[in-house]
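Please read the structure below before turning to the comments.
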Amino acid sequence: MTNIKPKLIAVVGPTASGKTELSLRLAEALDGEILSCDSMQIYRGMDIGTAKPSMEERRGVPHHLIDIVSPDEAFSCADYKRLAEAAIRDVLSRGKTPIFCGGTGLYLDAVLTVGDFSPTIPEGLREELQREDPDKLWEELLSVDPEAAATMHKNNIKRVIRALEIYRGTGKTKTEWDRLSKRSESPYDTLIIGLDYQDRGTLYARIDRRVDLMLAGGLAEEAKALALDRGSTAGQAIGYKELYLWLDGLISREEAVELLKKNTRHYAKRQLTWFRRNPDTLWFFLDEGDREKIFEDIVNIAKKHLKIAP
């Protein structure tokens, strides 16, 4: 007897591409609930800088995996995988459709694969790495696992150490572990929808506008009030780390805003590189036609996936 896999939907793409709006349309049309797939929306209080949808913007659609930890708490990909799998079971148990929405490809991949995301690491290795020169650690990662290095910033020392911890502790790079996990068949039947723009200038203009709206909405005040640890994962989030350079008197406000926009554009490029590796993603370019018609077409495709009559 063949096991029937649970059906999921995922909306992916670069920041400011329209994922939130589409996910809400899908949730309303398919009796779905949204599971955030964003490595920064997990943190409580980081609302404006992570583009967290407000309660009003959520339009009554239940959202999961948002505001689940404090910015000073440790949180890993394995933690996300565990909580996301529990959320999927909860949503399905009530006859609803789980709809992932977000731009953190690593988190989504962790859920859609069945690989081991917690290799056994020798005790004390992390502490040993933490005592080493961060620049030398970065050089080592570039040498042994350049693909993993391309997905992170050298100043994100926690991620650098984690990647080297895996390599030194298991003899396999993080990239090798990820590839091994992808050889296993996914436990879910997932329709992955990708949103993008053929014209890069259009996407970058949307990013710049989003940054301007965040600043007008109080992003600088939010960053100041949160007073995040500058070296923490949360403190290194785009939107906060740039403003802390200004708030700490290291650069001007104008320089911080331009740096924020530039870093967001670079992040969007990295997101697209990650998501385009998956040949199963169905891409839609929102500057190639009427946006409403494209969203309507996507809803109909999702209904077919779920075997719902149009």
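The values are calculated or read from the model by the stated rules, or taken from the named source; none is laboratory data. What you are looking at is a predicted structure, and each value in this text was computed from that prediction instead of being measured. With ideal geometry, Cβ positions are generated from the backbone for all residues, glycine too; neighbour counts draw on all protein chains shown. SASA here: full protein model, heavy atoms, side chains in, ligands and nucleic acids out. Shrake-Rupley method; radii C 1.70, N 1.55, O 1.52, S 1.80 Å.
Taking the Cβ of GLU255 as the center, what net charge do the other residues with Cβ under 15 Å away carry, scoring Lys and Arg +1 and Asp and Glu -1?
0
Given a cut-off of 21 Å, name the pairs among LYS19/LYS307; LYS136/LYS174; LYS19/LYS303; LYS96/LYS303 whose C-alpha atoms lie farther apart than that in the structure shown.
The answer is LYS19/LYS307.
Quick one: with all protein chains in place, what share of the accessible area of the chain is carbon or sulfur, to the nearest percent (1.4 Å probe)?
Carbon and sulfur atoms account for 51 percent of the accessible area of the chain.
Taking DSSP loops as anything outside H, G, I, E and B, show the longest stretch in the chain free of GluC sites (Glu not before Pro) there with at most 15 other beta carbons within 10 Å.
186-287
Under 15 Å Cα-Cα from LYS293, which aspartates and glutamates qualify once same-chain neighbours fewer than 8 residues away are excluded?
GLU21
Using a 1.4 angstrom probe, figure out how much accessible area the chain has per residue, in square angstrom, rounded to the nearest whole.
On the way: 15490 Å² over 310 residues.
Value for the chain: 50 Å² per residue.
Can you give the % of DSSP beta bridges in the chain that are antiparallel, to the nearest 5?
0
Please list, or write none, the aspartates and glutamates whose alpha carbon is within less than 15 Å of the alpha carbon of LYS81, excluding same-chain residues fewer than 8 places away.
ASP38, ASP90, ASP109, ASP116, ASP178
Note the per residue figure in Å³ for the convex hull of the C-alpha positions in the chain.
Cα convex hull per residue, to the nearest whole number: 148 Å³.
Which trypsin sites (Lys or Arg not before Pro) does region 223-290 hold that lie in a coil by DSSP with at most 15 other beta carbons within 10 Å?
ARG230, ARG276, ARG277
Report the calculated FRET efficiency for ASP72 and ARG210 (r = Cβ-Cβ distance, R0 = 35 Å), to the nearest 0.05.
On the way: r = 26 Å, r/R0 = 0.76.
The calculated FRET efficiency here is 0.85.
First check a/c for region 80-174, with a ≥ b ≥ c the square roots of the eigenvalues of its C-alpha gyration tensor; if it is under 1.5, answer rounded, and if not, answer prolate when a/b is larger than b/c or oblate otherwise. Don't jump to the answer; show the numbers that get you there.
Values: a/c = 2.89, a/b = 2.17, b/c = 1.34.
Because a/c hits 1.5 or more and a/b exceeds b/c, region 80-174 counts as prolate.
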